[in-house]
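The structure under discussion appears below in the form of structure tokens.
Since every read-out is calculated from the coordinates, none of them should be taken as a lab result. Note that the coordinates shown come from a computational prediction; the quantities given were computed from them, not determined experimentally. Please note: Cβ atoms are built from the backbone with ideal geometry, for glycine as well, and neighbour counts cover all protein chains shown.
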Amino acid sequence: MEKILAQIESPTDVKSLSPAELDRLAGELREEIIATCAANGGHLAPSLGVVELTIALHRVFESPRDKIVWDVGHQAYAHKLLTGRRERFRTLRTMGGISGFPKRVESPHDVFDVGHSSTSISAALGLAVGRDLKGARNKVVAVIGDGSMTGGIAYEGLNQAGHLNRDLVVILNDNEMSIAENVGALSHFLSRTITNEFVHKIKKDVEGFLESFDRMGRGVLKVAKRAEESLKGLFTPGMLFEAFGFEYVGPIDGHNIELLMETLEKVRRFDDAVLIHVVTRKGKGYPPAEKNPSLFHGVGPFEVATGKVLKGKGGAASYTAVFGTAMRKIAAENERVVAITAAMPDGTGLTPFAGEFPDRFFDVGIAEQHAVTFAAGLAADGFRPVVAVYSSFLQRAFDEVFHDVCLQNLPVTFAIDRAGVVGSDGPTHHGVFDLSYLRILPNMTIMAPKDENELQHMLQTAIEHDGPVAVRYPRGNGYGVPLDQSFRPLPIGRAEVLREGRGGAILAVGTMVRPAFEAAQTLAADGIDLTVVNARFIKPLDRETILSLARRGRLFTAEENALQGGFGTAVLELLEEEGLDEVRVHRMGYPDSFVEQGEQPELRAIYGLDAEGIVRTVRTALAG
């Protein structure tokens with residue numbers, strides 16, 4: 001029997017399918033998503049949870065005329081398969097392939113680029129207001145998960161949307177999960193529901209009973225309907241969203257296609273702001289993902305039959321794991337140390353810390369701004385908070401880092417994971433800007449370790465320092481170097497010379513130190529004798545070492561950050577300040593463009609940030 005999915009070239013093809021065919025389509029979508037994620041990795045559990053919802057949306061609405069905005073976008077795999085990308089779907093998240101997130105340049109059905117959470121309501125409202133200003137008649141739909149509802153921008157969007165009361169549909173996909181299990185008072189409120197069947201039965205029984213009493217019964221029924229709205233608030237979050245000015249519908253079963261279509265058809269005729277509360281199961285249809293939705297939220301390649309995740313390369317511990325272990329050791333000796341994460345306890349390596357020090361661990365949900373200011377409050381009261389966060393997510397809290405931490409010179413440590421390129425999630429997740437946006441802030445100290453052992457000592461240094469410190473480190477495994485069991489603070493602003501040379505010097509930070517050292521060894525065989533420096537500190541710079549080397553020859557800087565405003569720029573500024581602007585400096589880093597998706601080694605090779613690329617850059621510069 002030919003697969004129904006093979007016949008789907010656009011959402012128009014979904015509209016002619018029978019209910020039985022729609023159910024078959026849901027199963028086939030799941031099969032394709034599972035097979036592709038098993039090979040490429042990806043956001044499996046979120047996408048499996050919204051298959052029926054996606055089918056219903058494309059059955060009822062007229063994409064791309066009607067605009068569907070996916071929050072975060074990691075749940076949009078079924079959407080991609082139904083909107084003309086079926087044949088390319090197996091290229092998902094690979095270099096040159098389709099993105100793991102909605103992308104406007106990829107399809108007219110992707111109306112807004114996403115990758116970070118909580119933005120869909122604001123973006124959809126902008127599209128709705130733009131529609132009204134143009135006098136158009138299309139619908140606008142935002143699909144947002146309950147995990148994303150912990151982000152403050154979601155409520156800023158709700159607040160204005162309710163005030164303007166434009167023709168806007170918000171679908172709350174409630175699966176009680178973000179990446180990890182949702183936390184906070186709001187998530188508990190959203191989860192306080194009773195089954196549709198129970199509500200429906202009670203409502204029908206009461207209506208039938210009252211209508212049997214003729215006029216008096218109909219009068220009581222009107223009163224009862226008003227009471228129903230109050231009663232609904234006891235069991236559902238309807239009161240919250242109606243307080244924002246939305247018409248509230250739900251909660252409804254998010255895996256019942258007919259019910260979803262019926263609800264969406266009714267809502268499609270509304271001309272004001274409405275919120276539909278849909279209850280789904282993350283990982284639906286694949287038992288390993290249903291059992292462990294956190295693991296399969298964003299998973300690497302795995303065996304379909306067993307759900308066993310395939311091991312990564314090498315046996316060395318990851319930087320994330322080393323950070324987590326070091327945090328537990330330091331916290332055992334220092335009761336003032338507390339750990340904070342924004343919905344990423346597993347991803348940042350803090351789950352063991354949470355088990356050992358539950359009173360000193362805080363998961364604030366997807367709320368990076370709050371996480372930073374919360375840490376500032378703790379620091380102001382004498383504690384040593386460590387905010388563990390991905391580089392690209394810390395961007396969301398820039399003002400809080402500036403205003404609430406640096407301005408007061410508070411001892412908050414930012415443990416910045418996933419610095420540099422991170423791989424297949426692409427430009428929304430690459431951490432290649434943190435050196436630039438943090439270096440400009442007064443009082444901030446910035447470090448990057450050359451290996452996983454140095455990370456431990458930098459963490460100790462940061463926690464002991466009386467001011468804000470950022471320690472940035474990459475995604476993936478370390479080099480397998482021996483790990484010291486006791487940690488020592490490093491002298492602030494002192495670099496480490498790894499190799500002495502008679503010519504110029506390579507100043508490298510973080511992940512660039514080892515390839516710079518390897519490149520220098522290769523170049524030495526050709527008579528090019530370079531000093532190699534592990535800069536360690538991006539701010540403050542080791543002025544003495546850098547100026548000494550600058551007076552001896554040309555300098556090369558290597559960093560896994562954007563060239564604009566990064567480490568190399570800091571070196572140029574130092575030389576200008578010292579009147580040495582005639583010194584030749586060749587900077588290696590990422591250009592003034594967003595880095596595409598691809599595996600880390602692929603991307604570093606493309607941009608000349610591996611040993612071979614550094615060798616090429618040095619030879620070209622010296623030949624010029």
- Task: With +1 on each Lys and Arg Cβ and -1 on each Asp and Glu Cβ, and nothing else charged, work out how big the dipole of segment 342-395 is about its Cα centre, in Debye to the nearest 20.
- Result: 120 debye
- As straight-line cross-link partners of Lys282, the qualifying aspartates and glutamates (C-alpha separation under 15 Å, not fewer than 8 residues apart within one chain) are Glu52, Asp146, Asp174, Glu176, Glu181, Asp253, Glu290
- Task: Report relative contact order for segment 319-472 in percent, whole number only (criteria: Cα-Cα under 8 Å, sequence separation at least 6).
- Result: 23 percent
- Query: So for Tyr473, Tyr319, Tyr390, fewest C-beta neighbours within 10 Å to most, what's the order?
  - Reply: Tyr390, Tyr319, Tyr473
- Message: Cut-off is 10 Å between beta-carbons; in what order do Glu247, Glu356, Glu87 appear when sorted fewest neighbours first?
- Response: Glu87, Glu356, Glu247
- Given a Förster radius of 30 Å and the C-beta distance between Glu518 and Thr620 as r, what FRET efficiency does 1/(1 + (r/R0)^6) yield to the nearest 0.05? 0.95
- Cα-Cα over 31 Å, subset of Lys308/Lys539; Lys139/Lys284; Lys134/Lys284; Lys80/Lys450; Lys3/Lys134; Lys103/Lys539: Lys308/Lys539; Lys134/Lys284; Lys80/Lys450; Lys3/Lys134; Lys103/Lys539
- Message: Within a 10 angstrom radius of the beta carbon, how do Arg86, Arg93, Arg536, Arg104 rank from fewest other beta carbons to most?
- Response: Arg104, Arg86, Arg93, Arg536
- Note on the structure: Treating only Lys and Arg (+1) and Asp and Glu (-1) as charged, each at its beta carbon, one finds that segment 319-472 has a dipole about its Cα centre, in Debye to the nearest 20, of 200 debye
- Message: How would segment 319-472 be classified by its alpha-carbon gyration tensor: rounded, prolate or oblate, with rounded meaning a/c under 1.5 and the a/b versus b/c comparison settling the rest?
- Response: rounded
- Give me the distance between the Cα centres of segment 451-476 and segment 58-93, rounded to whole Å. 40 Å
- Share of antiparallel DSSP beta bridges in the chain, in percent to the nearest 5? 15 percent
- Task: Set the Förster radius R0 to 25 Å, insert the Cβ-Cβ distance between Glu265 and Asp23 as r into 1/(1 + (r/R0)^6), and round the FRET efficiency to 0.05.
- Result: 0.85
- Item | Farthest toward positive dipole pole in the chain [+1 Lys/Arg, -1 Asp/Glu at C-beta], among Val432, Gly553, Leu53 | Leu53
- Would you please name the GluC sites (Glu not before Pro) within segment 543-624 that are DSSP coil residues with at most 11 other C-beta atoms within 10 Å of their C-beta? Glu582
- Message: I want to verify the translational diffusion coefficient of the chain in µm²/s; compute it with Stokes-Einstein, Rh as the Kirkwood radius over Cα pairs, at 37 °C and 0.692 mPa s.
- Response: 124 µm²/s
- Task: Note the full-extension length gain between Ile606 and Ser593 as 0.36 nm times their separation in residues minus their Cα-Cα distance, in nm to one decimal.
- Result: 3.3 nm
- If you take the charge dipole of the chain about its Cα centre, with +1 on Lys and Arg Cβ and -1 on Asp and Glu Cβ, which of Phe323, Val585, Tyr607 is farthest toward its positive end? Tyr607
- To the nearest 20 debye, the chain has a Cα-centred charge dipole, built from +1 on Lys and Arg Cβ and -1 on Asp and Glu Cβ, of 640 debye
- Note on the structure: Honestly segment 579-624 on the Cα gyration tensor test (a ≥ b ≥ c root eigenvalues; a/c under 1.5 rounded, otherwise a/b vs b/c for prolate or oblate) is just oblate
- Farthest toward positive dipole pole in segment 319-472 [+1 Lys/Arg, -1 Asp/Glu at C-beta], among Gly420, Gly382, Val405: Gly420
- Over the chain, what relative contact order in percent results from Cα pairs under 8 Å that are six or more residues apart? 11 percent
